[in-house]
Every structure is written in structure tokens, then in C-alpha cells.
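Asks: Starting off with a structure, shown below.
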């Protein structure tokens with residue numbers, strides 16, 4: 001292990017100990033490489049915590065099987081409805097209105113739980129996350145969020161995993177899949193992203209068959225509204241979603257915000273793993 005990484009590990013442990021609340025932390029585990037490292041550091045720090053996983057119903061099966069085998073102590077929080085059931089009222093999730101994150105990925109612990117949560121977010125992942133900072137108010141969970149591995153880069157995450165002989169989902173090793181980051185199987189951030197969407201559709205076809213059938217049902221329930229906007233079939237709506245297009249030209253084409261009829265559910269940020 002490099003000296004620089006060792007310093008970051010010690011700093012992360014000190015960070016957790018410094019901010020530890022009397023009731024302990026609420027650790028959000030997702031099964032990916034970042035949360036694996038984050039969770040191991042939490043355990044080494046000796047702080048008080050509970051740990052759980054928010055089951056979204058559209059997670060990669062390889063990741064959920066990995067967690068069941070390697071992390072049986074983690075409590076699964078299951079949503080009241082599946083992603084596809086929520087779609088029937090909320091519509092298609094978009095980059096600006098990710099109701100799926102609010103309803104499935106960032107759900108509050110059912111019994112309230114500790115007021116401070118720990119996540120495996122790193123600043124390197126995106127400029128937006130870097131600007132947000134290491135300690136931030138999470139508007140979805142209404143709790144303060146702490147990021148102990150915020151300053152780790154991807155190479156250091158893998159070095160930590162190898163140095164500590166930690167298991168991780170084999171999906172990261174799949175050749176030709178480009179699964180460097182893992183998240184939900186169906187996600188608006190996969191659209192217009194250099195072939196990643198197609199790889200997801202090829203690897204998990206049943207998810208996308210269900211998704212497209214649900215879009216058809218939803219379109220029929222909002223058909224009059226969509227036709228008033230120039231969208232005449234469910235297939236046309238799906239094509240727009242896959243291309244990350246909005247209904248109105250003056251809107252940012254990446255936002256997809258106008259795929260929603262009035263009354264659709266809003267949401268906040270999304271996290272990959």
C-alpha cells in the first residue's frame with residue numbers, strides 16, 4: 001500500500017471519529033467498489049453505526065447476489081412499490097427529474113435512524129460532486145451526509161481493495177461490458193452515453209422489456225397530453241427517452257424535463273457505485 005493512500009485512510013478514519021454523533025451513523029451500502037471501501041473504513045474506525053442497502057428493484061442482479069453472499073449482515077430496505085409500479089404514476093425518470101432516486105435509492109430509514117449518513121461518494125466522480133463538498137445536507141433523506149473517501153481517486157479505491165483482499169462484484173471484470181461504474185440497470189444517465197445503454201439492454205433484456213411495456217401502459221394513460229405535444233405513440237416517446245430528447249426545442253435536450261406531464265414527481269441527485 002502506498003504511503004499516500006495510507007495517509008488518506010488515516011485521515012478518513014479521523015474524519016469519521018471527529019464527526020461521530022452520539023447515536024452513531026447511518027451507513028448507506030450499495031455493493032459497488034466505493035461503498036465496499038467506505039464500509040471497510042467505517043468498520044476500522046470503530047465508530048457506532050447501522051448499515052443498510054436500499055433495494056431499488058432495478059439493480060444489477062450480479063450486485064445483489066454479491067451482497068447476499070458477502071455482506072449478509074446488511075439490512076435490505078425494500079420499497080413499497082417496484083420501479084415499474086412507480087412509473088405508472090410518475091412516468092419516465094429523467095436527468096432533471098429523477099423521482100426514482102427519491103423513491104428508491106435515497107429513501108429515509110423506516111424508523112428514522114441516525115441523523116448523519118455515510119456514503120461512498122468521491123469528488124473525482126464529477127465536478128458537481130466535487131463542488132458539493134464532503135459534508136452536505138441531503139434534501140432527499142433530510143439528513144446530513146458525510147463522505148469519508150471523498151478524496152480517494154479510482155486507482156486508490158482499487159489499491160485499497162487489493163491490499164485488504166476485499167471481494168467485489170465480478171461485473172467489474174467483465175470484458176467488453178465497460179462496467180467501470182455500476183448503478184441501476186435502467187437509468188436516464190445511460191442515454192446518449194457512448195453505447196453503455198446498448199450494453200445494458202443486451203446484458204439485462206428482461207429489465208428493458210418490462211420497462212418498454214410499462215412505458216406503453218403509461219403512455220396510454222396520458223395519451224391526450226402527449227399527442228397535444230406532438231408525441232403520438234409510445235414508441236416515439238421511448239425513442240425520445242433513449243436519445244435524451246425533450247418535447248420542447250427551447251429546453252436543454254439533455255434535461256428531458258418536458259417528458260413529464262403536469263403533476264409528475266420531482267427528485268434530486270443520483271448516485272452510481
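Bear in mind these aren't lab numbers, they're just calculated from the coordinates by the rules spelled out. Everything numeric in this text was worked out from a predicted model, so none of it was measured. Here the Cβ is made from the backbone with ideal geometry for all residues, glycine too, and neighbour counts use every protein chain on show.
Asks: Report the label-to-label distance for residue 174 and residue 50 in nanometres (one decimal), using points 7 Å from each Cα along the Cα→Cβ vector.
Replies: With each label point 7 Å from Cα toward Cβ, the separation is 3.3 nm.
Asks: Contour minus end-to-end for residue 153 and residue 192, with contour as 0.36 nm per residue of separation and end-to-end as the Cα-Cα distance?
Replies: Length gained between residue 153 and residue 192: 11.5 nm.
Asks: Considering the Cα positions of region 116-161, please state its Rg to one decimal place and its Dmax as a whole number of Å.
Replies: Looking at region 116-161, its Cα Rg and Dmax stand at 11.1, 33 Å.
Asks: Residue 164 to residue 216: FRET efficiency via 1/(1 + (r/R0)^6), r the Cβ-Cβ distance, R0 45 Å, to the nearest 0.05?
Replies: FRET efficiency, residue 164 to residue 216: 0.45.
Asks: Further question: Which order results if 116, 192 are arranged by neighbouring Cβ count within 10 Å, fewest first?
Replies: Going from sparsest to densest Cβ surroundings: 192, 116.
Asks: If a paramagnetic tag sat 7 Å from the Cα of residue 73 along the Cα-Cβ line, which residues of region 28-56 would have the backbone N under 17 Å from that point?
Replies: Inside the label zone: 28-31, 35-53.
Asks: Beta carbons within 10 angstrom, averaged per residue: use that to sort the peptides 234-246, 29-41, 117-129, highest first.
Replies: 29-41, 117-129, 234-246
Asks: At a temperature of 10 °C and a viscosity of 1.306 mPa s, determine how fast region 11-88 diffuses translationally according to Stokes-Einstein, using the Kirkwood radius over alpha-carbon pairs as Rh; express D in µm²/s, rounded to the nearest whole number.
Replies: Rounded, D is 114 µm²/s.
Asks: Residue separation times 0.36 nm, minus the C-alpha to C-alpha distance between residue 124 and residue 228: what's the value?
Replies: Fully extending the segment from residue 124 to residue 228 adds 33.2 nm.
Asks: Highest first, please rank the peptides 64-77, 84-97 by the mean number of other Cβ atoms sitting within 10 Å of their residues.
Replies: With the highest mean Cβ count within 10 Å placed first, the list reads 84-97, 64-77.
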